[in-house]
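Quick notes on the structure that follows.
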Amino acid sequence: MKNIALKSISIFMILTLIVSCKTVQNANNKQKGAVIGAAGGALIGGIIGNNVGKGDTALGAIIGGVVGGVAGGYIGNKMDKQAERIEEEIPGAEVTRVGEGISVVFDENSGVYFDTNKSNIKGTSEETLRRLAGIFKEYPNSNILVEGHTDSSGAAEYNLSLSKKRAESVTVYLTGQGLSIGRFTTKWYGEDNPRGDNATPEGRAKNRRVELAIVANEALKQEAIENTKN
C-alpha cells in the first residue's frame, strides 16, 4: 500500500510539472509528443501505464507505449493526421489526441452504440465502423485496443461477460473489413469504468459503449527512430 501511494504521488508530481509547463500548453499535438517524451519517455509511460487504474485504461495503453523524444514527435505527427481523418469521417465520435496516441469513444451520438443487454452491431454502427476500417487501412502502422463497457444494470459478472461480447463484436466487424487481427487487442471491464451517471437513462446510455486506443506499432516506432537520427 505504501509503495502504491508513493508511486501515485510521483506520477502526480511528474504530470503536474509536464502539463503545467507553458511550452507544453502552447504546443500542438506533435510537439506535445516530443516534449512529453523528452521529459521522461518510456519510463514515465511505463509508470503511468501500470498505475492509472481502471478509471482510464485507454490512456494507460497510450502513455504506456511512448517512444519519447524527437521520435515521439514524429509519431505524434502521424497520429495528428489519423485523428483528423477520424474526426472528418465520424463527426460524432469523441476523438482525443494524447501524447503519441489517439483515444476514441463511441456512444449513441456517434453511431456505435448498444441497446441494454445487447452486443450486436446494428444500423448506423455498421456504417461508422466501416468508415473507421477504411481509415485504419490508410494508416497500417497503428495498433488498436478495443475496450468494452456496460452500464450497472444487472449483476457485475453478467456485465463483465456482456462487455467482452461488445468489444469482440467491434473487433470482429473491423477485422471482417480486411484488417489484420494482429493489429487488435480486445479488453473488457464490465461496469467498472462508467463515463455517465448510472442513476439516469442518459448516463447509462453513455456507459453502454466501446472505447479505442490507437498506438504506433513496432514498424512505425522503428520508422520514427530511423527518420529522426542526428
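Each reported figure results from applying straightforward, stated rules to the coordinates on display, with no laboratory input. Computed from a prediction, not measured in an experiment: that's the story for all the values here. Positions of Cβ are backbone-derived with ideal geometry, glycine not excepted, and every protein chain shown enters the neighbour counts.
General remarks:
- Applying 0.36 nm per residue to the separation of residue 94 and residue 199 and subtracting their alpha-carbon distance, the gain on full extension is 35.5 nm.
- Assuming charge only on the beta carbon of Lys and Arg (+1) and of Asp and Glu (-1), the dipole of the stretch 91-180 about its Cα centre is about 240 debye to the nearest 20.
- Separation in nanometres of the label points that stand 7 Å from Cα toward Cβ, at residue 126 and residue 228: 4.2 nm
- Only aspartates and glutamates eight or more places from residue 78 in sequence, or on another chain, were considered; those with a Cα closer than 13 Å are 100, 138, 223.
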